[in-house]
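> Take this structure first; my questions come after.
Just so it is clear, none of the values below were taken in a lab; they were calculated from the coordinates. Treat the numbers as computed from the prediction; the structure is a model and nothing was measured. Here the Cβ is made from the backbone with ideal geometry for all residues, glycine too, and neighbour counts use every protein chain on show.
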Amino acid sequence: MRITKTLAAAAALAVASTSAFAGGVAPVIVEPVEIVEPPKTSSISSTYVVIGVVAALLIAAAAAEE
């Protein structure tokens, strides 16, 4: 029984000593966060351009049939 208590105490001491040094003693270094602006985009959505081209083709096709 004495060996079991000794082993249990040694295991508890080993776990406690390793968890005590888990964080380390070095100061925390916080690096600055760089804020990057998104690239400028066109004010006209590409969807409107595609719809305009399709509408122009439909109008041209309708005008050519007459």
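> Using a Förster radius of 35 Å, what is the FRET efficiency between Ala55 and Val33 based on their Cβ-Cβ separation? Nearest 0.05, please.
Once rounded, the FRET efficiency stands at 0.15.
> Report the full-extension gain for the segment Ile44 to Ala10: residue separation times 0.36 nm, less the Cα-Cα distance, to one decimal in nm.
5.1 nm
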